[in-house]
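The values are calculated or read from the model by the stated rules, or taken from the named source; none is laboratory data. What you see is a predicted model; the values in this text were computed from it and never measured. As a convention, Cβ positions derive from the backbone with ideal geometry for all residues, glycine included, and neighbour counts pool all protein chains shown. These accessible areas exclude ligands, DNA and RNA; they are computed on the full protein's heavy atoms, side chains included. Shrake-Rupley method; radii C 1.70, N 1.55, O 1.52, S 1.80 Å.
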Amino acid sequence: MKKNYILTILMTICITVASFGQVILAEGFSYADGSLVGNGDWAKESGAEGDFLISSGKAVVQHGSPSEDVKIAFDSGTGDIYASFDFSVDDLGEVFSGADKEYFAHLDFKARIDIVPAPNGGDYTVGISSTSSTAEATWANDLTFGQTYRAVIKFDQLTGEAKLWINPNSSSDSSISGSESGAATIENFDLRQSDSSKNETVRVDDLMIGKTFNDVLVFQSSTASLKNNAIIGFATYPNPVSDGVLNISSASTSVKNLTIFNLLGKQVLSSRFSGVNKNIDVSSINAGMYILKVTEEGKTATKKLIIR
C-alpha cells in the first residue's frame with residue numbers, strides 16, 4: 001500500500017505528454033539542471049543547442065547571449081487551442097523600458113507573448129499579438145518582478161486571433177486580443193531567446209495545452225478531468241519560496257487541506273484553513289523540491305514546490 005502511495009506522489013511530478021480528455025499536454029519541467037533539449041519531447045527550433053536551460057525545475061528564457069529556441073510538438077486538432085503556463089521575470093534593478101520587446105513564448109509563431117513596459121510606472125507588463133513580432137495589445141495592469149503569474153492563451157485556428165488572460169478565474173474575466181490573421185494550424189509550443197532592450201530573464205513552469213479554457217486553467221499532471229477537479233482561482237506564490245512563507249489562495253472561502261510531501265512521498269507539513277488567502281510558514285522545511293497538494297470541496301490541486 002505504501003509503495004503504491006509513493007508511486008502516486010511521484011507520478012504527480014512526471015511529465016505526461018498524452019491526451020487526457022481535452023488535455024493535450026502537461027509539462028512540469030521536473031528535470032535536472034542543465035539543457036532542456038534532450039528531456040521529454042523538447043527539441044531545438046534554432047540557435048546553439050544546449051543554450052536553453054532548466055534551473056530548479058523551471059525553464060529559463062535568457063534574452064541576451066543564449067541563442068537557442070526550443071519547441072515541443074503536439075496534435076492541435078481543429079478549432080481553438082489553449083496554452084497556459086506560470087511565469088515570472090527576474091528583478092532587473094529598474095523598471096523594464098525600451099522599444100525592443102522580444103516575445104519569449106508562442107504557439108508555432110502565432111499567439112506571441114512578450115515583456116513590455118508597464119502602463120502605470122510599475123516593473124513591467126505583457127503584450128500579445130496574433131502573428132506579428134510587436135504586441136498588438138498590452139495588459140492594462142502593472143506586474144511585479146519576482147512574482148509568479150499564470151498566463152492563459154487562446155488561439156483560434158480558424159480566424160487566427162490570439163487572446164490572453166493573466167491570473168484568470170474563468171474565461172469571462174478580463175482579456176486582451178490580437179487581430180484576426182487568418183486560418184492557421186498549430187503544431188508546436190515554443191520558448192524563444194533573443195536580444196531585447198533589457199535582456200530580461202523569464203522563468204516558465206507548469207505548461208498546459210488543451211482544447212478548452214478549463215483544461216489549462218490549473219496545472220495538473222494526473223489523468224483526472226480538470227473540468228471536474230480544478231480549484232477555481234487556485235494560486236501559490238512565491239515559488240521558489242525563499243523567505244519561509246508560502247501564500248495559498250483560491251476563489252472560495254471554503255476549508256482547504258494542505259499537505260507537502262518530499263519526493264519520497266513522506267509528509268513534511270500539513271495545514272487546514274479557510275478563507276480565500278492564507279500565508280503558510282514553511283521555514284521548518286529543508287531546501288529542496290517538494291509536492292504541494294491542496295484539497296477544497298472535494299477538488300484537488302497538486303503543484304511542484306521549491307524551497308530555498
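Some values worked out for this structure:
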{"read-out": "Carbon/sulfur fraction of accessible area - region 187-308, other protein chains in place, 1.4 Å, %", "value": "44"}
{"read-out": "Tail fraction, Cα-Cα pairs, region 120-172, threshold 16 Å, whole percent", "value": "48"}
{"read-out": "q = 0.27 Å⁻¹: log10 I(q)/I(0) that the Debye formula gives for region 226-308, counting C-alpha atoms only", "value": "-1.46"}
{"read-out": "Three-way shape label, region 98-138, alpha-carbon gyration tensor, a/c 1.5", "value": "prolate"}
{"read-out": "Dimensions in Å of region 85-155 - Rg and Dmax from alpha carbons", "value": "11.5, 34"}
{"read-out": "Cross-link pairs beyond the 20 Å C-alpha cut-off, checked among Lys256/Lys299; Lys110/Lys154; Lys58/Lys303; Lys278/Lys303; Lys256/Lys304; Lys71/Lys303", "value": "Lys71/Lys303"}
{"read-out": "Percent carbon-and-sulfur accessible area, region 124-168, ignoring ligands, DNA and RNA, probe 1.4 Å", "value": "45"}
{"read-out": "Candidate aspartates and glutamates for bridging to Lys44, where Cα separation is under 16 Å - those fewer than 8 sequence places away on the same chain excluded", "value": "Glu68, Asp69, Asp108, Glu187, Asp190"}
{"read-out": "Mean Cβ neighbour count within 10 Å, used as a protection proxy, ranking 42-54, 200-212 highest first", "value": "200-212, 42-54"}
{"read-out": "Accessible area (Å², per residue) of the chain, counting only protein heavy atoms and a probe of 1.4 Å", "value": "41"}
{"read-out": "Convex hull of Cα atoms in region 257-297, direction-averaged projection (nm²)", "value": "3.2"}
{"read-out": "Most mobile listed residue (Ala83, Ala73, Ala151) in the chain, GNM with C-alpha springs under 10 Å", "value": "Ala73"}
{"read-out": "Candidates Ser84, Ser274, Ser179, ranked by Gaussian network fluctuation over the chain, Cα under 10 Å, top entry", "value": "Ser274"}
{"read-out": "Bins of 5 Å from zero: percent of alpha-carbon pairs in region 169-306", "value": "2, 8, 15, 18, 19, 15, 11, 7, 4, 2, 0"}
{"read-out": "Cα-based Kirkwood hydrodynamic radius, the chain, one decimal, Å", "value": "19.7"}
{"read-out": "Whole-angstrom Cα spans of region 120-246 along principal axes, big to small", "value": "48, 41, 26"}
{"read-out": "Accessible area of Arg308 in the full protein assembly, 1.4 Å probe (Å², nearest 10)", "value": "150"}
{"read-out": "The chain - mean residue ellipticity at 222 nm from DSSP helices (-39,500 (n - 2.57) per run, n ≥ 4, rounded to 500)", "value": "-1500 deg cm²/dmol"}
